[in-house]
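Colleague: My structure is below; once you've seen it, I'll send some questions.
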Amino acid sequence: ATPAGFRALDCESVRHFVAARPGLQQRVGPADSVESWSVREVGDGNINFVFILEGPAGGLCVKQALPYVRCVGEDWPLTQDRMRIESEALAEEAACCPEHVPAVHLYDPAMALMAMRYLAPPYIILRRGLVAGRTYPQLAPHMGSFLAKTLFHTSLIRLDSSTFRSKVARFSNDAMCRLTEQVIFTEPLMAAKNNRWTSPQLDADVAALQSDPAARAALSGLKGLFCGRPQALLHGDLHTGSIMVTESETAVIDPEFAFYGPMAFDVGKILANLLLAYFAAEGHEATEGAGARQEQKAWLLSCIRDTWEGFSSLFLQLWGQLGGAGDLYPAALVAGEALEACQREFMGQLWHETVQFMGAFIIRRIVGIAHVADLESIADPDTRAACERRALRFGRRLLVEGSRGSAPLAAVADLTREA
Ligand code: ADP
Ligand code: SR1
Ligand code: MG
Ligand code: MG
Ligand code: MG
């Protein structure tokens, strides 16, 4: 139910909401400057409304959850508790990785809103930077670190089982998980009214994929992992539209889908979105000129590899330093060679699942309800469809085969060479 006292804000009412709260107001400007503040709604995501207020003292970002999905409208109701999840997840992430998380200044449950640090230009949404052809040398080390710290510190390798279970319960996030089950793990491989694709160019490709029993079985297996493996507190929507970047900084926003799930879901989502940018780059070259994206394409592939390497090596380092204190592999039970064997098995399995999730994420962005600007911004439908066909075939292969039989880095190199 909508919280008592809730009202949807617009640019005028958000100005007065902030002006009435001294702790927020002082971040934008003194009382006599309120009418001069610039206020704009900048939400370009699928779900919520986001306002930026700027005045003589600085800027502030206010994000509000209405009782429905923004990109669909009132026909798709959605819990406003997602704003509690987002503010609590940001706090959990900030506890282990403050360098990559925006500070939250207020969470107001009745208004289903959050006020947080305004990530002012040159911060830009990573997906937008990638569409414009840019590269970000710090992205892989920063995202490797964000993933390792948030996933390790919230896992049972680090925590005692009572603390772990209480966090699992606090982040059950049922409605948001059901949305993910529907739009990622169910609809893309069946006839569903939400689905869309570049038609008629991809009609035959999509028909073949949707009637492929191996793909359907693999997607169902991933849904089982998503629902049944509470391994760590996930961000839950870690695509390139949930990351803001500068040349030297990286900030992860928008964890409203946070819940306890399989680590490979988060790792796979960011890697899959980098791959989508890679496949789209070929299409941008059609208008920008042959070779125009060569440097970006090489960087995207190295960024995938380096993010995985940075993540896995820091995760294992944290495990070596602090893992013995948690209840999953207590030092008294697992040490020396036994610990090394557990770590090898864990990382091998995590990579395999990561690759399969990558396949599912690529497919959903080409066939399902929510597409990506990387591909959508390729204006010519034949050019776009050629990129999407390549990505779909590659995604199907990742989904069905995972990394079976190959060492992690060899698998990335092989798969991308053959794509
Ligand atoms: P949604 O949940 O609807 O996807 P997001 O949290 O992703 O909403 O925010 C939508 C957009 O608002 C982002 O793509 C970004 O452009 C802008 N935005 C969100 N948070 C901030 C922030 N802290 N600073 C600056 N811009 C932001
Ligand atoms: C209605 S589906 C909207 C999608 O946008 C969000 O960012 C999530 O990825 C979700 O699946
Ligand atoms: Mg978003
Ligand atoms: Mg969101
Ligand atoms: Mg995705």
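The values are calculated or read from the model by the stated rules, or taken from the named source; none is laboratory data. Keep in mind that what you see is a predicted model, and the values were worked out from it rather than measured. Cβ placement follows ideal geometry from the backbone for every residue including glycine, while neighbour counts extend to all protein chains displayed. Calculation scope for accessible area: heavy atoms of the full protein, side chains included, ligands and nucleic acids excluded. Shrake-Rupley method; radii C 1.70, N 1.55, O 1.52, S 1.80 Å.
Colleague: First select every other residue whose beta carbon is under 15 angstrom from the beta carbon of A19; then total the charges, Lys and Arg +1, Asp and Glu -1. Walk me through the intermediate numbers first.
Modeller: Details: positive: R15, R21, R27; negative: D10, E12, D32, E35, E54, D108.
Overall, the nearby charge balance is -3.
Colleague: Could you list the square roots of 5 times each eigenvalue of the Cα gyration tensor of region 114-225, that is, the equivalent ellipsoid semi-axes, sorted largest first and rounded to whole Å?
Modeller: Equivalent-ellipsoid dimensions as semi-axes: 32, 26, 15 Å.
Colleague: Also: Evaluate the charge dipole of region 200-350 about its Cα centre and quote only its size in Debye, nearest 20, assuming +1 on the Cβ of each Lys and Arg and -1 on the Cβ of each Asp and Glu.
Modeller: The calculated dipole for region 200-350 is roughly 400 debye.
Colleague: Quickly work out the A331-to-R21 label distance, labels modelled 7 Å from Cα along the C-beta direction, and quote it in nm with one decimal.
Modeller: Once both label points are built, they end up 4.3 nm from each other.
Colleague: Distance from the Cα centre of region 59-128 to that of region 190-258, in angstrom?
Modeller: Value for the Cα centre distance between the two parts: 20 Å.
Colleague: Right, next: With a Förster radius of 41 Å, plug the Cβ-Cβ distance of A110 and C227 into 1/(1 + (r/R0)^6) and report the FRET value to the nearest 0.05. Each step should come with its number before you reach the end.
Modeller: Working: r = 31 Å, r/R0 = 0.76.
Efficiency at R0 = 41 Å is approximately 0.85.
Colleague: Under 21 Å Cα to Cα from K297, which lysines show up? Leave out anything in the same chain fewer than 8 places away.
Modeller: Output for K297: K269.
Colleague: Over what distance in Å are the Cα centres of region 1-43 and region 142-164 separated?
Modeller: After rounding, the separation between the Cα centres reads 35 Å.
Colleague: Along each of the three principal axes of the Cα atoms of region 11-116, give the extent in whole Å, ordering the values from largest to smallest.
Modeller: Largest to smallest, the principal-axis extents are 40, 36, 23 Å.
Colleague: While we're here: When the chain is fully extended, how far beyond the present Cα-Cα distance does D75 get from A103, taking 0.36 nm per residue of separation? Can you show the working numbers first?
Modeller: Working: separation 28, 0.36 × 28 = 10.08 nm, distance 3.29 nm.
Length gained, D75 through A103: 6.8 nm.
Colleague: With unit charges on the beta carbons (Lys and Arg positive, Asp and Glu negative) and the dipole taken about the Cα centre of region 124-418, which residue among G395, L234, P141 sits farthest to the positive side?
Modeller: My answer, from the dipole projection, is L234.
Colleague: Counting only protein heavy atoms, what percent of the accessible surface of the chain is carbon or sulfur at a 1.4 Å probe?
Modeller: On the way: 8860 of 16730 Å².
Roughly 53 percent, rounded to a whole number.
Colleague: Per the helix-only calculation at 222 nm, which mean residue ellipticity applies to the chain, given -39500 (n - 2.57) for every DSSP H run of n ≥ 4 and division by its residues, nearest 500 deg cm²/dmol?
Modeller: Rounded to the nearest 500, the figure is -17000 deg cm²/dmol.
Colleague: Send over the semi-axes of the chain's equivalent ellipsoid, whole angstrom and largest first, taken as the square roots of 5 times the C-alpha gyration tensor eigenvalues.
Modeller: So the three semi-axes of the chain are 33, 28, 21 Å.
Colleague: Let me spell out the model: positive unit charges on the Cβ of Lys and Arg, negative unit charges on the Cβ of Asp and Glu, origin at the Cα centre of the chain. What dipole size does that give, in debye rounded to 20?
Modeller: 460
Colleague: When ligands, DNA and RNA are left out and all protein chains stay put, how many square angstrom of accessible area per residue does the chain have with a 1.4 Å probe?
Modeller: 40
Colleague: Next up: Is there a quick way to get the dipole size of region 164-288? I mean about its Cα centre, with the Cβ of Lys and Arg at +1 and of Asp and Glu at -1; what is the value in debye to the nearest 20? If you can, show how the numbers build up before the last one.
Modeller: Details: 10 positive and 15 negative charges, 178 e Å.
Value, rounded to 20: 860 debye.
Colleague: Give, in nm to one decimal, the length gained when the segment between R134 and R390 is fully stretched (0.36 nm per residue of separation minus the Cα-Cα distance).
Modeller: That pair, R134 and R390, stretches by 89.9 nm at full extension.
Colleague: Stretch R196-R344 to full length: gain in nm at 0.36 nm per residue minus the Cα-Cα span?
Modeller: Contour length minus Cα-Cα distance gives 49.2 nm.
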